[in-house]
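Q: Dropping the structure in here first, questions after.
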Amino acid sequence: MCDGSDKVPCFKLHGGSLIPQVAMGTWSGSYEDCKSGDFTCVKSHARFATENWLHIGGTHIDGANDYRTQTSIAEALQSSGISREDVFITTKCPGAIGYQATIQCADDNLQMLGQFGTNGVAYIDLLLVHFPFTMKPVCRFHRESPECQPPNTSFTVSSKKDLQDTWRAMEELKRIGVVKSIGVSDYNIEQLTDTLEVATQPIDLNQVEWNPKKHDEKMLEFCTKKSNSTTGVVSSWWRRRFGTRRPSGQENCSRSQCINCPGRFAMVSAAWCGSGGWHSESRTCRW
C-alpha cells in the first residue's frame with residue numbers, strides 16, 4: 001500500500017506509521033437521498049460507495065462508531081477480496097468517554113469492521129477520539145428530539161479528567177496491538193495541551209476542517225511547534241473535510257464562483273491542501 005511508489009501517495013504520522021493521503025469518508029450525512037433516520041438507506045449507500053472506492057484503487061476508508069456504517073464497510077471489504085494489509089482503516093470513538101468506555105468502543109469497532117476472524121483479532125490502522133465532548137444519551141439515539149435542538153445542546157463538554165482518561169485508554173489499545181496509530185478530532189489548543197500532560201505516545205493526528213474557506217493558523221503553529229520539539233507528541237499532518245454534494249442549480253460554476261460551488265470547491269480544496277502536504281478526506285456523493 002504505502003510502498004514508496006507514486007501509486008498511493010502517503011505521509012508519515014508522528015508515531016512512524018504511513019497513512020494514504022486521500023481517504024473516502026462514510027458519514028451518514030453524505031448520502032443526500034437518504035431521509036433522516038433511514039439507516040437502511042445509509043448502510044446501502046455506504047457499502048456501494050466503499051465497494052466502488054476499493055474497485056477504483058482506493059486504499060483508505062474513514063469510518064466512525066456514530067456513523068452507523070461500519071458493518072457496511074466490513075461487507076465491502078469482505079466482498080472485495082483485498083487483503084487486510086492493503087487497506088488503511090480509520091475509525092473513531094464517540095468522544096472523550098473515559099477509560100473503560102474507550103476500550104469497549106475499540107472492541108465494538110473491531111467487531112463491526114469484521115476484524116475478528118479465523119486467526120483472532122486483526123487491527124485498526126488509526127483510531128481517533130471523534131470529538132472533545134460526550135453525547136447526551138437521548139441525542140445518541142434520537143437526534144431530532146427537542147432536547148437535542150437549540151437552544152438546548154446535544155452534548156456535554158468533556159472535563160480535563162475525561163480527556164486524559166480517554167487518552168490513557170488509547171495508549172493502552174496501541175500497546176496491546178489492536179490499534180496501530182492514535183489521534184483526536186476537533187480538539188482545540190487547550191484540549192490538546194490537557195491531553196499532552198499525560199501522553200506518553202504521539203498524538204498522531206488532530207482531524208480538523210482545513211480548506212481555503214476555513215483553517216486555523218494558530219492551531220497549525222501550535223502543532224508544528226509541538227511536532228518539532230524534543231518531547232512533541234502532536235503531528236502537524238491533519239485531515240480536512242470538504243463537501244462534495246452538488247445542489248441543483250450549481251452544476252455549472254464559473255472559475256470566479258468556484259469557492260462557492262460545492263463540486264468545484266472539493267476539487268479546489270483537494271489541490272490546495274495537497275500542495276501544502278495535508279492529508280485529505282473526500283466525502284462520498286452520488287449525483
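Q: Find the helices (runs of 4 or more DSSP H) located wholly in the stretch 24-117 whose residues include 2 or more that are free of Cβ contacts under 8 Å to residues at least 24 places away in the same chain, and list them.
A: By residue number, 39-55, 99-112.
Q: Same structure, new question: Taking only pairs six or more apart or across chains, which ones have beta-carbon atoms under 8 Å, a first residue in the stretch 130-158 that is more than 20 Å from LEU192 (Cα to Cα), and a second residue that is among the charged types (D, E, K, R) and assigned to a loop (DSSP other than H, G, I, E, B)?
A: Once the first residue is more than 20 Å from LEU192 (Cα to Cα) and sits in the stretch 130-158, its partners that are among the charged types (D, E, K, R) and assigned to a loop (DSSP other than H, G, I, E, B) give GLU147/LYS136; CYS148/LYS136; THR153/LYS136; SER154/LYS136; SER154/ARG143.
Q: Something else now. For VAL129, which of the numbered conditions (1) within 23 Å of LYS43 (Cα to Cα); (2) surrounded by fewer than 14 Cβ atoms within 10 Å (Cβ to Cβ); (3) not acidic (Asp, Glu) fails to hold?
A: (2)
Q: Going by the conditions given, is ASP66 among the acidic types (Asp, Glu), farther than 18 Å from SER181 by Cα and either under 13 Å from the mean Cα position of the chain (by Cα) or crowded, with 21+ Cβ neighbours inside 10 Å (or both)?
A: So ASP66 passes the test.
Q: Give just the number: which of (1) out of contact with any strand residue (DSSP E or B) (no Cβ under 8 Å at 6 or more places or on another chain); (2) surrounded by fewer than 22 Cβ atoms within 10 Å (Cβ to Cβ) does SER72 not satisfy?
A: If we test SER72 against (1) out of contact with any strand residue (DSSP E or B) (no Cβ under 8 Å at 6 or more places or on another chain); (2) surrounded by fewer than 22 Cβ atoms within 10 Å (Cβ to Cβ), just (2) comes out false.
Q: Oh, and also: In the stretch 166-195, which residues are under 30 Å from ARG84 (Cβ atoms), charged (D, E, K, R) and either part of a helix (DSSP H, G or I) or free of Cβ contacts under 8 Å to residues at least 40 places away in the same chain (or both)?
A: Kept after step one, since they are under 30 Å from ARG84 (Cβ atoms), are these residues of the stretch 166-195: 166-187, 195.
Remaining after also requiring charged (D, E, K, R): 168, 171-172, 174-175, 180, 186.
Scanning the stretch 166-195 gives ARG168, GLU171, GLU172, LYS174, ARG175.
Yes or no, residue by residue, for (1) surrounded by 22 or more Cβ atoms within 10 Å (Cβ to Cβ); (2) closer than 29 Å to ARG47 by Cα; (3) not acidic (Asp, Glu):
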{"site": "THR90", "(1), (2), (3)": "yes, yes, yes"}
{"site": "PRO94", "(1), (2), (3)": "no, yes, yes"}
{"site": "MET135", "(1), (2), (3)": "no, yes, yes"}
{"site": "THR153", "(1), (2), (3)": "no, no, yes"}
{"site": "SER158", "(1), (2), (3)": "yes, no, yes"}
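Q: Same structure, new question: GLU144 - would you say it is in contact with a Gly (Cβ under 9 Å, 6 or more places away or on another chain) and either under 23 Å from HIS215 (Cβ atoms) or of a type in the set (D, E, K, R) (or both)? Can you show your working first?
A: Values: in contact with a Gly (Cβ under 9 Å, 6 or more places away or on another chain): yes; either under 23 Å from HIS215 (Cβ atoms) or of a type in the set (D, E, K, R) (or both): yes.
Yes.
Q: If you take the residues of the stretch 141-165 that are part of a helix (DSSP H, G or I) and more than 21 Å from GLN104 (Cα to Cα), which of them is nearest to the chain's Cα centre (by Cα)?
A: Of everything passing the filter in the stretch 141-165, CYS148 is nearest to the chain's Cα centre (by Cα).
All of the numbers you see were taken from the coordinates with simple rules; none came from a lab. Given the structure is predicted, the values throughout are model-derived calculations rather than measurements. Because the Cβ atoms are built from the backbone with ideal geometry, glycine has one as well, and the counts that use them run over all protein chains shown.
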